[in-house]
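Below is one structure, written out as structure tokens, with a few remarks after it.
The values are calculated or read from the model by the stated rules, or taken from the named source; none is laboratory data. Keep in mind it's a predicted model, so treat the numbers as computed, not measured. So basically every Cβ, Gly included, is an ideal-geometry build from the backbone, and we count neighbours across all protein chains shown. The protein model used for the area step is the full one, side chains on, heavy atoms only, and it has no ligands, DNA or RNA in it. Shrake-Rupley method; radii C 1.70, N 1.55, O 1.52, S 1.80 Å.
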Amino acid sequence: MDRKISDAAFGDSTYALAFETSSAQGCVALGCGPKVLEAARFTKARAHAAEFLPTIDALCRAHDAEPQRIEWVFVSAGPGSFTGLRIGITAARMIALAVGARVVAIPTLEVIAQNALDSPTPPDQVAVILDAKRRRVYSATFARRPPPPYKGGARGGRYVAIDDPREADPVEYLAAQSPTCAMLGEGVLYHREAVAASGLMVLPESIYPPRAETVYRLGVEQALLGRAIAARNLIPIYIRPPEAEEVWQARHGSQSG
């Protein structure tokens with residue numbers, strides 16, 4: 001390998017990949033510098049295992065981006081589908097270790113929040129909710145800030161988290177939001193009663209899915225700040241452990257007691 005991880009800076013000629021596999025409809029983006037060259041969505045829902053690597057290969061071939069030219073990998077890290085997140089995280093690790101790329105993990109709730117910029121009048125504050133089952137949601141609140149000072153930044157600015165991602169009761173969480181806060185995310189579709197009771201503005205369902213292009217844009221911001229993490233330390237943001245892990249812990253905890 002000619003390039004060491006520590007030598008990989010982010011510039012206008014830097015190639016990077018972005019992965020979004022936290023939701024049912026996965027997608028991948030390839031970019032150079034601050035520009036997304038192309039994004040490709042999987043042809044079927046929950047087709048991550050079958051389509052992920054072929055999609056990356058097709059994008060790289062289409063833009064003559066040989067594997068050794070990939071210097072950064074940006075990945076949507078969760079919360080979301082446990083299986084989808086594992087696929088994206090594992091692929092990011094493998095690519096980083098194979099070609100010496102640097103890795104940036106972007107919280108999925110932050111990725112979804114940026115979709116509110118597509119609204120005719122982007123709200124000053126948004127709450128993102130995802131279904132966590134058991135009548136719970138994964139949630140975080142974001143406030144709109146001016147655009148970042150780099151070429152290619154979003155014209156309408158960006159949404160910045162004002163609280164930490166959490167698992168919450170949807171009624172209590174939404175009741176605590178400002179009356180001017182809008183909401184989005186697929187959790188809206190699963191918790192309609194709580195959403196209706198909140199009285200908050202609901203953004204269009206068409207902008208709920210997270211996008212690899214957004215992962216790329218947010219990844220560029222972090223790359224320019226030098227905020228990479230070691231590939232071996234890259235793990236999904238689950239917030240709550242996977243159900244299989246909870247079952248294992250409950251079973252073995254009771255046995256040890």
Handout entry: Amide hydrogen neighbours beyond the local backbone of ARG158, cut-off 5 Å, H modeled
Key = ARG145
Practice task
Starting at the first residue of the stretch 176-189, write each ³J(HN,Hα) from the Karplus equation 6.51 cos²θ - 1.76 cosθ + 1.60 with θ = phi - 60°, in whole Hz, x for Gly and Pro.
Solution key: 7, 7, 4, x, 8, 6, 9, 10, 7, x, 5, x, 4, 6
Handout entry: Length gained when the stretch GLU38-ASP164 is fully extended (0.36 nm per residue, less Cα-Cα span)
Key = 42.2 nm
Practice task
Return the carbon/sulfur percentage of the accessible area of the chain, one whole number, probe 1.4 Å, all protein chains in place.
Solution key: 53
Problem - Simple Cβ-charge dipole of the stretch 83-140, Lys/Arg +1 and Asp/Glu -1, about Cα centre, in debye nearest 20 - result: 460
Practice task
Averaging sequence separations of C-alpha pairs under 8 Å and six or more residues apart, then dividing by the length of the chain, give the relative contact order as a whole percent.
Solution key: 22
Practice task
Select from ILE207, PRO122, GLN68 the residue farthest towards the positive end of the dipole of the chain; place +1 on Cβ of Lys and Arg, -1 on Cβ of Asp and Glu, and compute about the Cα centre.
Solution key: GLN68
